[in-house]
Amino acid sequence: MEFLNKRILSEKYGVGTVISVDDSVFTVEFESETKSFNYMIAFKNKALSLVDENDQKELDELFAEKEAERLAAEQKAAEIKEQREREEAQKQE
């Protein structure tokens, strides 16, 4: 998702505009000051939201997809670990 020039809402700072994006950090120019945020953390913790509802919906869907991918990877890792433990137990028998 492209964040540059998106309007951002912060309960603490008000409405601002993303003026730069670098890796996982973006800089937002608010009326009274300019702040930088790790956008994944800020959005996930609901410290920031996108003003445009469609943009926010897209972001929410992106986070849901990433969370599903993370859970699937954890499940796969647990299955591999369990299989290795069974194989080790069989070797020791």
Query - Radius of gyration and maximum dimension Dmax of segment 24-70, Cα, Å - result: 11.8, 38
Query raised in the report: Simple spin-label model, 7 Å along Cα-to-Cβ: residue 40 to residue 78 in nm?
Result: 2.1 nm
Query raised in the report: Whats the longest run of the chain with zero trypsin sites (Lys or Arg not before Pro) that are DSSP loop and have at most 14 other Cβ atoms within 10 Å?
Result: 47-93
Report task. Taking amide H positions as placed in the peptide plane 1.01 Å from N, state which residues far from residue 50 in sequence (5 or more) or on other chains have amide H under 5 Å from it. Result -> 9
Query raised in the report: Gain in length, residue 31 to residue 65, computed as 0.36 nm per residue apart minus the alpha-carbon separation, to one decimal in nm?
Result: 8.9 nm
Query raised in the report: With Cβ to Cβ distances under 14 Å as the rule, what net charge do the other residues near residue 76 carry (K, R +1; D, E -1)?
Result: -1
Report task. May I ask you to list the residues of segment 37-65 whose amide nitrogen lies under 15 Å from a point 7 Å from Cα along the Cα→beta-carbon direction of residue 22? Result -> 37-39
Report summary line: In terms of the charge dipole of segment 16-80, which places +1 on Lys and Arg and -1 on Asp and Glu at the beta carbon, the residue among 45, 75, 59 farthest towards the positive end is 75
Query - GluC sites (Glu not before Pro) restricted to segment 9-40 and DSSP loop, no more than 10 other C-beta within 10 Å - result: 11, 31, 33
Report task. Quick one: of 44/66; 44/81; 35/66; 6/35, which pairs are farther than 19 Å apart, Cα to Cα? Result -> 44/81; 35/66
Report task. Report, in deg cm²/dmol and to the nearest 500, the calculated mean residue ellipticity at 222 nm for the chain, where each DSSP H run with n ≥ 4 adds -39500 (n - 2.57) and the sum is divided by the residue count. Result -> -17500 deg cm²/dmol
Query raised in the report: Roughly how big is segment 5-69's charge dipole about its Cα centre, with Cβ charges of +1 (Lys, Arg) and -1 (Asp, Glu), in debye to the nearest 20?
Result: 240 debye
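Every read-out reported here was derived from the displayed coordinates using simple, explicitly stated rules and does not represent laboratory data. What you see is a predicted model; the values in this text were computed from it and never measured. Reconstructed Cβ throughout: ideal geometry from the backbone, glycine too, with neighbour counts over all protein chains shown.
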